[in-house]
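Asker: Got a structure for you, questions after.
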Amino acid sequence: MGATRPQHGGAIAPAAVYITGVYGGYFGAGQGILLLAIFGVLLPQSLQRSNALKNVLAGTVNGVAGVYFVFAAHVEWGPAAIIAATSVIGGQLGSRYGRRLPPDALRALIVLVGIAAIIDLLV
């Protein structure tokens, strides 16, 4: 019989999520994909549940980092307000429809968005 994954990812999961949080608090880019990869390897749960956990953790990290940057750096409030508003709208839409997608369709959508982001960064 094959080895089973610990219910909560063992000792590696919290350490990996912490490191991803530190990275995500400063850079942000790719944090969600890293978290999905960590959860996919270490936690025995559905992709929808991993995606929801990723959203909560990334939102928390970005919120804490945002509060820090308000006091530690100069913030351009116009663009920041646009990013905040569209992030909230995207989060609401994503959570509403992401739960309803079959796991294979959600996985394909995640891959397509990742490829589009890579192309955008390279062009």
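The values are calculated or read from the model by the stated rules, or taken from the named source; none is laboratory data. Note that the structure is a prediction, hence the values are computed from the model and not measured. Here Cβ is always computed from backbone atoms with ideal geometry, including for glycine, and neighbour counts include all displayed protein chains. Surface accessibility is based on the protein's heavy atoms, side chains included, excluding ligands, DNA and RNA. Shrake-Rupley method; radii C 1.70, N 1.55, O 1.52, S 1.80 Å.
Asker: Go through segment 66-79 and give me each residue that's modelled with pLDDT of 90 or more and either within 19 Å of the chain's Cα centre (by Cα) or β-branched (Val, Ile, Thr) (or both).
Answerer: Once the filter is applied, which keeps residues that are modelled with pLDDT of 90 or more and either within 19 Å of the chain's Cα centre (by Cα) or β-branched (Val, Ile, Thr) (or both), segment 66-79 yields VAL67, VAL70, VAL75.
Asker: Shifting gears a bit: All but one of (1) small (Gly, Ala, Ser); (2) over 17 Å from PHE39 (Cβ atoms); (3) surrounded by 12 or more Cβ atoms within 10 Å (Cβ to Cβ) hold for GLY94; state the number of the condition that does not hold.
Answerer: Unmet condition: (2).
Asker: Hey, among VAL22, VAL61, which residue is among the β-branched types (Val, Ile, Thr) and either open to solvent by 40 Å² or more (accessible area, probe 1.4 Å) or out of contact with any helix residue (DSSP H, G or I) (no Cβ under 6 Å at 6 or more places or on another chain) (or both)? Before the answer, list the steps.
Answerer: On the way: VAL61 fails: either open to solvent by 40 Å² or more (accessible area, probe 1.4 Å) or out of contact with any helix residue (DSSP H, G or I) (no Cβ under 6 Å at 6 or more places or on another chain) (or both).
Criteria check complete, one pass: VAL22.
Asker: I would also like to ask the following. State which residue is nearest to PRO102 (Cα to Cα) when the search covers only segment 64-85 and only residues that are surrounded by 12 or more Cβ atoms within 10 Å (Cβ to Cβ) and small (Gly, Ala, Ser).
Answerer: Among them, the one singled out is ALA84.
Asker: Still on this structure: Could we say that ALA13 is modelled with pLDDT under 90 and out of contact with any helix residue (DSSP H, G or I) (no Cβ under 7 Å at 6 or more places or on another chain) here?
Answerer: In short, no.
Asker: Within segment 6-98, considering only helices (runs of 4 or more DSSP H) that don't extend past its boundaries, which have at least 3 residues that are more than 25 Å from LEU112 (Cβ to Cβ)?
Answerer: Numbers: elements: 12-26, 31-42, 47-72, 77-98.
The helices (runs of 4 or more DSSP H) meeting that bar are 12-26, 47-72, 77-98.
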